[in-house]
Ligand code: DGL
């Protein structure tokens, strides 16, 4: 019955948390590649190699469906994986599409031509690799016209969160929001396009101002997964236990995860 959730580190826990609230009976196997985080400063080939290795481990743990709860991997590796790597009977999904469907007021499977939407000026906050890939703009262009996107690569934020240095993370978020506002003074909406960033959601909202709608992925991905599993119940893999795997130091990663999720989480070595 298990589903796999992957991230380069701790950020995917924001997605895991939302999924376990939406689907409390579903066992989840989490893989945090903490030893190799951050992915956002790596090359696409490197991200592909690390992501396929982690996904393989989740298949071995009894997951037939793996969610890449990492925008960087979704942007830099997912398409290549889906085109030539994912084995028969397995499925790997990313986290971009549910977010873009929400922004463009679409339901799943609505493949009608791009149209005008209410949101006109979007600020995208993401890792350098996600910004460089332009994957967000590409997915958006399939669905909407006339939306102006200004992307801000938020160097350093993932490292600070992984290190547990929330004071540094907050200072970096504020300086990245300032940089964005110099390019786009009045965004209507902001996308937190990295699963680590919801851990700093209050700082983003505060720095952006109350008038900016901040879209964050976790709940949107959880809703979309629930919908997917209701259509494809056979994609619940044979695994029966929830498990937290890390390539980092299990004790340190467990302590940080516990701090972020406000419940005790025990990671084991992947
Ligand atoms: N949580 C990952 C994402 O959504 C962070 C990537 C990184 O490790 O830089 O992009």
**Request:** Scan region 138-152 for residues that are assigned to a helix (DSSP H, G or I) and over 16 Å from the mean Cα position of the chain (by Cα) and jot them down.
**Result:** 138, 140, 141, 142, 143
**Asked** Here are some residues: 27, 38, 114. Which one is surrounded by 18 or more Cβ atoms within 10 Å (Cβ to Cβ) and farther than 30 Å from residue 165 by Cβ?
**Response** 27
**Item:** Residue pairs meeting the criteria (Cβ under 9 Å; at least 6 apart or on separate chains; first without any contact (Cβ under 8 Å) to a residue 40 or more places away in the chain, in region 124-141; second in a loop (DSSP other than H, G, I, E, B) and crowded, with 24+ Cβ neighbours inside 10 Å)
**Value:** 131/40; 131/154; 131/193
**Asked** Somewhere in region 153-173, is a residue part of a strand (DSSP E or B) and modelled with pLDDT of 95 or more?
**Response** yes
**Prompt:** Could we say that residue 199 is away from the ligand (no atom under 12 Å from the Cβ) and within 30 Å of residue 249 (Cβ to Cβ) here?
**Reply:** no
**Message:** Filter region 1-32 down to the residues that are under 13 Å from residue 229 (Cβ atoms), part of a helix (DSSP H, G or I) and more than 16 Å from the ligand (Cβ to nearest atom) and list them by number.
**Reply:** 22
**Prompt:** Within the set of pairs 6+ apart or on separate chains, which have a first residue in region 33-48 that is touching a residue at least 12 places away in the same chain (Cβ under 8 Å), a second that is away from the ligand (no atom under 11 Å from the Cβ) and not in a loop (DSSP other than H, G, I, E, B), and C-beta atoms under 6 Å apart?
**Reply:** 33/54; 34/246; 34/253; 48/80
**Lone unmet requirement of (1) surrounded by fewer than 18 Cβ atoms within 10 Å (Cβ to Cβ); (2) within 16 Å of the ligand (Cβ to nearest atom) for residue 100** = (1)
**Complete:** Here the residues within region 118-130 that are within 17 Å of residue 214 (Cβ to Cβ) and in a loop (DSSP other than H, G, I, E, B) are 118, 119, 120
**Fill in**
residue 216: passes all of (1) in contact with a strand residue (DSSP E or B) (Cβ under 6 Å, 6 or more places away or on another chain); (2) within 16 Å of the ligand (Cβ to nearest atom); (3) modelled with pLDDT of 95 or more but (3)
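The values are calculated or read from the model by the stated rules, or taken from the named source; none is laboratory data. No experiment lies behind these values; they were computed from the predicted model shown. With ideal geometry, Cβ positions are generated from the backbone for all residues, glycine too; neighbour counts draw on all protein chains shown.
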